[in-house]
Amino acid sequence: MARKPTTIHRKALSRAEREARLQRSLLLGTGGIVLLALLIVTGGLAYERFVLPEQPVATVDGQSLRTRDFQKRFRFAEASLRQQVALMEQQIAALDPNDPNQATLAAIYRQQINQINLQLEDPLALGQAVLQQMIDEQIIRREAERRGIRIAPEELERAIERRFGFLRETPTPAGSPTPPPATGTPLPASFPTPTPLSEAAFRALYAAQVRRWAELGITEADYRAMVEADLLEQRLREAFAREVPTHEEQVYVRLITAETLERANDLQRRVQAEGFDPVFEAVRAGQVVSATALDLGWTPVGGLSSLYGAELEKIVFATPVSATTPVIPSPVGYHLAFVAGREDRELSPYYLQARQQQAFEEWLQRQRNDPERVRYFGWQNRLPPSARRRATFR
């Protein structure tokens with residue numbers, strides 16, 4: 001007997017079709033989400049690898065400082081600081097803790113290590129210092145070029161050799177003047193060795209160091225550019241120093257300082273009755289308690305304000321020769337100043353060097369703060385990925 005053909009109920013067929021369509025939709029939706037996630041991840045990686053590195057972190061006179069260069073300089077700075085720590089730890093290990101002098105030196109090294117570690121623990125502060133150094137280098141290069149200042153290849157070679165401890169020339173005698181320190185980030189551009197090297201040892205050490213720098217993305221050309229920037233800064237500082245006047249109006253000041261206002265008023269009455277010099281000598285001889293006397297000698301503008309405040313300096317420079325000021329309060333006491341002389345005279349080496357450094361620093365600061373020259377572009381988000389993570393979770 002033949003079987004009747006099986007028939008599927010219309011409602012059951014509709015339900016099966018709906019379930020099939022739902023499964024297809026779920027599969028398509030899941031696939032779309034996975035594809036979207038892959039696109040996002042791929043896009044993020046592509047942006048991080050190809051787009052972001054070319055974005056500027058700052059511009060100087062319209063020239064971009066790229067994220068790529070900023071990140072490798074940041075890594076170089078970190079590596080340099082860690083190398084400094086390692087060298088100082090080696091030096092500490094070689095010191096005798098039972099020798100008081102060596103124990104003091106070890107304590108100084110530990111203090112320096114702590115300061116370096118603080119820099120390493122703050123990626124944002126270190127990044128700011130690195131970027132400032134890069135900006136300063138561009139500003140200095142342009143000013144050096146404008147003035148016709150150049151570094152000869154031979155000078156650059158000798159500077160690199162000295163940084164690694166290889167000295168072709170006769171060492172500078174002890175006590176000779178040294179150039180003022182460079183501004184900006186206190187980051188080493190080399191890894192000097194504690195003892196002089198032979199040329200062969202220098203070549204081997206330098207080649208090994210170039211290979212280590214390559215792991216950070218720093219090429220030999222990058223390093224040479226950093227050393228050249230240091231040399232250009234030294235030359236530019238020297239050029240600014242030559243432009244600073246060596247003569248300036250100065251006053252010859254003798255100063256009595258009392259601990260209390262009451263004591264200062266007593267001394268003022270004595271000065272009015274006896275004259276300044278006898279009271280000054282009595283204080284200097286220790287015959288007056290709670291007071292001191294100092295012969296400050298010839299002092300230009302700035303020499304008094306740094307110690308006693310701007311108000312005291314203003315009053316002193318307005319006081320006639322052979323006259324005594326009224327009692328002047330300051331953060332360190334109450335003062336009577338006697339102006340023994342006033343004339344335009346040659347600055348002492350100390351004040352001249354301070355003026356020379358000030359001239360360069362003030363010029364550089366003006367260039368940094370000029371929005372027409374320097375612009376910033378969210379550099380905080382352009383740190384290397386590992387540094388960005390540390391900065392986020394601080």
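Remarks
- Given their separation in residues at 0.36 nm each and the Cα-Cα distance between them, R242 and L105 gain 45.6 nm when the chain is fully extended.
- Global form of the stretch 101-168, assessed from the alpha-carbon gyration tensor, a/c cut-off 1.5: oblate
- Averaged over its residues, the stretch 220-374 has an accessible area of 52 Å² per residue, based on protein heavy atoms and a 1.4 Å probe.
- Residues with amide H under 5 Å from that of L197, placed H, sequence gap 5 or more: F166, L167
- Along the stretch 300-313 the Karplus relation, 6.51 cos²θ - 1.76 cosθ + 1.60 evaluated at θ = phi - 60°, assigns HN-Hα couplings of x, 4, x, x, 8, 5, 5, 9, 10, x, 5, 5, 4, 4 Hz to successive residues, with x for each Gly and Pro.
- Centre-to-centre, using Cα atoms only, the stretch 110-158 and the stretch 334-362 are separated by 30 Å.
- Rounded to the nearest 10 Å², the accessible area of T104 at probe 1.4 Å: 80 Å²
- With all protein chains in place and a 1.4 Å probe, the accessible surface of the stretch 80-165 carries 48 percent carbon and sulfur.
- Anisotropy class of the stretch 309-394 from Cα gyration tensor, a/c 1.5 cut: prolate
- Whole-Å distance, taken between Cα centres, linking the stretch 310-329 and the stretch 78-102: 49 Å
- Rounded if a/c under 1.5, otherwise prolate or oblate - the stretch 189-283, Cα gyration tensor axes: prolate
- Ordered by 1.4 Å accessible area with all protein chains kept, E19, E161, E372 run largest first as E372, E19, E161.
- Ranking of F240, F317 by solvent-accessible surface, largest first: F317, F240 (1.4 Å probe, protein heavy atoms only, all chains present).
- Note on surface exposure: D69, D277 rank D277, D69 by accessible area, highest first, 1.4 Å probe.
- Label-point separation in nm, L167 to E19, each point 7 Å along Cα→Cβ: 9.1 nm
- Fully extending the segment from R147 to R66 would add 26.5 nm, taking 0.36 nm per residue of separation and subtracting the current Cα-Cα distance.
- Heavy-atom accessible surface of M88, to the nearest 10 Å², is about 20 Å², with a 1.4 Å probe and all protein chains retained.
- Each residue was assigned an accessible area with a 1.4 Å probe, and for Y351 the value is about 50 Å².
- Between L124 and E220, the simple spin-label model (points 7 angstrom out along Cα→Cβ) gives 4.0 nm.
The values are calculated or read from the model by the stated rules, or taken from the named source; none is laboratory data. No experiment lies behind these values; they were computed from the predicted model shown. Glycine gets a Cβ as well: all are built from the backbone with ideal geometry, and neighbour counts include every protein chain shown. Areas reflect the complete protein model, heavy atoms only, side chains present, ligands, DNA and RNA absent. Shrake-Rupley method; radii C 1.70, N 1.55, O 1.52, S 1.80 Å.
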